[in-house]
1. If we keep just the residues of the range 183-199 that are more than 16 Å from ligand 1 (Cβ to nearest atom) and buried (at least 16 other Cβ atoms within 10 Å of the Cβ), which is farthest from residue 102 (Cα to Cα)?
2. Residue 42 - would you say it is in contact (Cβ under 8 Å) with a residue 24 or more places away in the chain and either surrounded by fewer than 22 Cβ atoms within 10 Å (Cβ to Cβ) or not in a helix (DSSP H, G or I) (or both)?
3. Among the residues of the range 72-88, count how many are more than 22 Å from the chain's Cα centre (by Cα) and in a loop (DSSP other than H, G, I, E, B).
4. Within the range 251-262, is even one residue within 13 Å of ligand 1 (Cβ to nearest atom) and either on the phi > 0 side of the Ramachandran plot or not in a loop (DSSP other than H, G, I, E, B) (or both)?
5. Here are 142, 146: which of them is farther than 26 Å from residue 20 by Cα and either away from ligand 1 (no atom under 12 Å from the Cβ) or surrounded by fewer than 20 Cβ atoms within 10 Å (Cβ to Cβ) (or both)?
6. Quick check on my filter: what residues within the range 340-358 are over 16 Å from residue 318 (Cβ atoms) and in contact (Cβ under 8 Å) with a residue 24 or more places away in the chain?
7. Given (1) surrounded by 19 or more Cβ atoms within 10 Å (Cβ to Cβ); (2) under 19 Å from residue 18 (Cβ atoms); (3) in contact (Cβ under 8 Å) with a residue 24 or more places away in the chain, where does residue 202 come up short, assuming only one miss?
8. Can you tell which of 124, 130, 162, 109 is more than 16 Å from ligand 2 (Cβ to nearest atom), at pLDDT 95 or above, within 26 Å of residue 6 (Cα to Cα) and in contact with a strand residue (DSSP E or B) (Cβ under 7 Å, 6 or more places away or on another chain)?
Ligand code: NAD
Ligand code: MG
């Protein structure tokens, strides 16, 4: 059997390293053809020495030069490319079968679109790319004949509950229920949310993740992005997407069928499960995750997300009903606000004010088939508006 040739975009991150963990369990099935990172040379160097990909790329040119030098010193045969365009070239490389999109943020859109157009098996963790790309992203998938497989645990859960034949999905689904852990501040005194530190926001109760998604989980903006992601992945209306808080993170999401039968996917919270499913679909392979011990579970709890505590979540439906492109505006504002919060330039509860304010200020007017360039121009326009609001906001 020919081994699946894999390009991992964002190999040095949390999803990237989990992907390499699953890949290492199946040397007969998968081969890392290309690994990419942004600026963390030590991490990508160690990965390259371990799995010897044909190519490595870093979007930061100086970091790439250092990686090239150190790999050469170590006698490695891996060829190093640099700059954002190198990521696009690797994502559409003719020898690549599958692309793991594990970059964080809208920066992942160009290589994702390239992989979609080139008809790859596209494993999508990079939810921001789909939130920004929207209809244009899905059109590229259809035109390229790509196989789009969700890696976000909630969307993988929905996907696992649905039949492989997509043409029956619309007939079958009444609505879906995305579960959310509620993050670290589900029960914290709301009056103290302004004082939350980056360290507190990044300490997630159930999942170990990158810093940006950890902050998004604390504000529930992560779930807002996931609502938008679900709209595109499963072709649903905003009304067909609901969110419930489930603090144990055992049920990863649910499909409620037309006949009120509810299908759910369960498991221990471990991203290697959706990653393994994306890699092996439609087969199943060992993921490394531990077994779910039902008898050790005391209770599965559910509660409604509070609009006072998690106002950001509700912006998802606002953005989906606003002019097309508004979801890209929301994402751009949120990326800027989270970066400012992590750099201690913005208070935790300021994130929502920036997101809402930017959404009100920037009204997109995109053409029917927006290009990547037009989407990225809108992204930049929204970032400028968000940065002005951040500068004006008192800490
Ligand atoms: P992370 O911060 O751990 O890793 C991000 C990766 O992207 C790194 O390899 C980094 O080098 C690269 N990167 C960052 N900025 C870049 C840029 N401008 N250009 C090119 N590469 C860049 O993040 P993560 O937690 O692994 O999350 C990655 C994506 O997967 C996010 O979209 C996140 O929402 C999604 N996701 C993550 C989890 C999780 O458990 N970590 C779960 C579901 C979805
Ligand atoms: Mg998720």
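The values are calculated or read from the model by the stated rules, or taken from the named source; none is laboratory data. These figures come from a predicted structure and were not determined experimentally. For neighbour counting, all protein chains shown are included, and Cβ atoms are generated from backbone atoms with ideal geometry for every residue, glycine included.
1. Step by step, filter the range 183-199, then rank; the result is 193.
2. no
3. To start, the set of residues in the range 72-88 that are more than 22 Å from the chain's Cα centre (by Cα) comprises 72-82.
Narrowing further to those that are in a loop (DSSP other than H, G, I, E, B): 74-78.
So the answer is 5.
4. Yes, some residue in the range 251-262 is within 13 Å of ligand 1 (Cβ to nearest atom) and either on the phi > 0 side of the Ramachandran plot or not in a loop (DSSP other than H, G, I, E, B) (or both).
5. Selected residue: 142, the only one of 142, 146 that is farther than 26 Å from residue 20 by Cα and either away from ligand 1 (no atom under 12 Å from the Cβ) or surrounded by fewer than 20 Cβ atoms within 10 Å (Cβ to Cβ) (or both).
6. If the condition is that a residue be over 16 Å from residue 318 (Cβ atoms) and in contact (Cβ under 8 Å) with a residue 24 or more places away in the chain, then 340, 341, 342, 344, 345, 346, 347, 348, 349, 350 are the ones that fit.
7. The number of the failed condition is (3).
8. On the way: 124 fails: more than 16 Å from ligand 2 (Cβ to nearest atom); 130 fails: more than 16 Å from ligand 2 (Cβ to nearest atom); 109 fails: in contact with a strand residue (DSSP E or B) (Cβ under 7 Å, 6 or more places away or on another chain).
Just a single option satisfies the conditions, and that option is 162.
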